[in-house]
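Reading through the structure tokens given below for one structure.
The values are calculated or read from the model by the stated rules, or taken from the named source; none is laboratory data. For clarity, every value in this text was computed on a predicted model and none was experimentally measured. So basically every Cβ, Gly included, is an ideal-geometry build from the backbone, and we count neighbours across all protein chains shown.
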Amino acid sequence: MTETPPTVAETVDGATTLTGRAVRPRMATTRRPDAALAPGFDPAYRAVQTVLLLLGFTELILALRVTFLAVAAEHAGVVSFIYTISAPLVAPWEPIHGYINLTSGGLHPLDLGALVAMFVYMVFAYLVTRGIRIITTPRGRVTSA
């Protein structure tokens, strides 16, 4: 024996009629305290996304620097722009490693300072995002017995 799903009743001009459409049960939802700010707005989520967006831009600029330096493209305007933007990002790590030549003629150096900077910025962004998630995680209340 099959059970028929309940149907929606509509009232038009005082008369109630069944429409034949199935009623879907509503799921119980719990509202978070910050849900009153705006629907779908979670400050912790936005902070993590902002950190990851900044990391993405930083990694892109440094990856372009490593690529342009490896192919020895120095005279193009875009390349000089990338070198100018990435210089402050790489400056703390340049004295540590310098360059390694990929060929015997020294025409294609590999910028190890930029690679170290990419790794350090990635670890830093990971730690910041984990810290945000740890700080904003809801905690249960401890009750005394």
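Just one of (1) aromatic (F, W, Y); (2) in a helix (DSSP H, G or I); (3) modelled with pLDDT under 90 fails for F57. It is (3). In this structure, does G20 turn out to be surrounded by fewer than 11 Cβ atoms within 10 Å (Cβ to Cβ), over 27 Å from I135 (Cα atoms), modelled with pLDDT of 75 or more and not acidic (D, E)? Considered against the rule, which asks whether it is surrounded by fewer than 11 Cβ atoms within 10 Å (Cβ to Cβ), over 27 Å from I135 (Cα atoms), modelled with pLDDT of 75 or more and not acidic (D, E), G20 comes out as no.
Among the listed residues Y121, Y83, Y99, which satisfies the condition of being modelled with pLDDT of 85 or more, more than 24 Å from the chain's Cα centre (by Cα) and surrounded by 15 or more Cβ atoms within 10 Å (Cβ to Cβ)? I'd like the intermediate steps shown before the answer.
Numbers: Y121 fails: more than 24 Å from the chain's Cα centre (by Cα); Y99 fails: modelled with pLDDT of 85 or more.
On inspection, the qualifying residue turns out to be Y83.
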